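Asker: Input: one structure, supplied below.
The values are calculated or read from the model by the stated rules, or taken from the named source; none is laboratory data. Remember, predicted model here, so these are calculated numbers, not experimental data. Cβ sites come from the backbone with ideal geometry, for glycine too, and all protein chains shown count toward neighbours. Remember, those area values only see protein heavy atoms, side chains included, never the ligands or the DNA or RNA. Shrake-Rupley method; radii C 1.70, N 1.55, O 1.52, S 1.80 Å.
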Amino acid sequence: MAHRWKNRLTDKDVTPEALWLNRRALIGGMAGAGLLTALPKAAKAETLEPNRWEEITAYNNFYEFGTDKDDPARYAGQLTVKPWTVKIDGLVDRPGDYALEDILSKMTVEERIYRFRCVEAWSMVIPWNGFELADLLEMAGVQSGAKYVAFETLLRPEEMPGVRYPVLEWPYVEGLRLDEAMHPLTILATGIYGKDIPNQNGAPMRLVVPWKYGFKSIKSIVRITLTDTQPPTSWNKAQASEYGFYSNVNPEVSHPRWSQAYERKVGEGLFAKKQETLMFNGYAEEVAGLYSGMDLKANF
Ligand code: MTE
């Protein structure tokens with residue numbers, strides 16, 4: 001299947017892998033402890049000892065493994081990610097359980113590198129391996145009545161200690177409008193920096209929608225349902241006033257508790273000048289048309 005997205009960003013734009021691995025340490029408390037000044041340059045960061053991998057990948061959000069930042073790295077190793085099947089159902093011509101291996105055999109994932117700007121608290125450019133969600137949806141045959149796509153994460157209590165706690169309603173769910181889902185920028189990622197995606201980052205397959213905030217990136221997906229009604233999303237269910245269905249990167253719409261008008265680039269240090277957050281995270285040219293005529297303050 002055709003690779004429709006043409007990368008604008010090059011290898012030179014990519015956030016060095018060591019900085020990506022360190023991102024939460026750089027964002028979080030360790031910054032104050034002097035680590036930040038020790039690691040502002042990629043060259044220095046790349047000299048990190050390999051045995052620090054556990055430490056530096058220990059900052060994730062994957063609440064099925066616990067709400068502490070290091071819980072996913074500590075517990076996600078026990079997640080069985082092979083074999084993996086995705087149920088595709090709802091308004092499709094060919095519903096069923098799709099084996100990830102079969103899907104990947106049709107996708108030439110290794111040739112498909114998507115260099116995307118991604119925003120959490122800081123901005124990064126991450127090289128994902130994966131394929132366009134549209135290709136998978138086309139495989140299943142989207143019916144004309146479908147308007148939305150609902151996603152569901154695995155719920156396997158024996159491997160996910162965090163689901164004992166009702167911090168969110170389980171399973172974790174997300175949703176996109178069909179046109180957002182079919183956009184070539186919307187991918188299912190199976191790899192990162194040329195390696196399999198680590199379990200704590202959502203192995204074996206997670207969503208990436210680069211013009212939206214990171215929390216839309218649902219991890220370890222087991223079900224994709226085409227529907228005619230807007231599906232619920234986990235963060236919206238938990239805190240509707242703070243997290244809307246769209247969650248587009250939009251400097252004009254503040255989160256109730258913080259401004260989203262500025263961002264920092266990972267690796268540039270706490271005292272670096274913040275940059276203005278770009279509308280749709282810099283992808284306005286590609287995606288603004290999806291929302292023409294919509295009030296994006298009401299549809300945040
Ligand atoms: N997916 C599931 N299933 N469970 C989660 O708790 N957290 C979300 C998102 N996807 C989450 C999830 C949030 S809040 C963020 S910021 C991103 O994953 C973090 O992805 P990363 O750990 O790869 O940076």
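Asker: Quick check: residue separation of Ala261 and Leu296 times 0.36 nm, minus the Cα distance between them. What number comes out in nm?
Answerer: 11.1 nm
Asker: Here's a follow-up. Within 10 Å, count the other beta carbons around each residue, average over each peptide in 244-254, 178-188, 74-84, 287-297, and list them highest first. The partial results should precede the final answer.
Answerer: On the way: 244-254: 19.1, 178-188: 20.9, 74-84: 15.5, 287-297: 12.2.
By packing density, highest mean first, the sequence is 178-188, 244-254, 74-84, 287-297.
Asker: Amide H neighbours of Arg156 under 5 Å, at least 5 residues apart or on other chains, H built in the peptide plane: list them.
Answerer: Residues meeting the criterion, in which the H sits 1.01 Å from N, do not exist here.
Asker: Quick one: if you stick a label point 7 Å off each Cα along the C-beta vector at Ala288 and Thr10, how many nm between them?
Answerer: For Ala288 paired with Thr10, the spin-label model returns 2.6 nm.
Asker: Once the piece of chain linking Thr67 and Glu101 is laid out straight, how much longer is it, given 0.36 nm per residue of separation minus the C-alpha distance between them?
Answerer: That works out to 9.2 nm of additional length.
Asker: With every protein chain kept in the model, how would you rank Glu101, Glu64, Glu152 by accessible area, 1.4 Å probe, largest at the top?
Answerer: My answer, sorted largest first, is Glu101, Glu152, Glu64.
Asker: For Lys106, go through the lysines and keep the ones whose alpha-carbon is under 20 Å away, minus same-chain ones fewer than eight residues off.
Answerer: Cross-link targets: Lys6, Lys82, Lys87, Lys195.
Asker: Tell me, what is the 1.4 Å probe accessible area of Arg177, in Å² to the nearest 10?
Answerer: Ignoring ligands and nucleic acids, Arg177 comes out at about 30 Å².
Asker: Now a separate question. Ranked by accessible surface with a 1.4 Å probe, highest first, in what order do Thr153, Thr108, Thr225 come?
Answerer: Thr108, Thr225, Thr153
Asker: Now for a different question. Provide the gained length on full extension for the span Glu158 to Lys237, in nm with one decimal, where the gain is 0.36 nm per separating residue minus the Cα-Cα distance.
Answerer: 26.0 nm
Asker: Next question. Under the rule of at least 5 residues apart or a separate chain, name every residue whose amide H is placed under 5 Å from the amide H of Val142.
Answerer: Under 5 Å from the amide H of Val142: Asp93.
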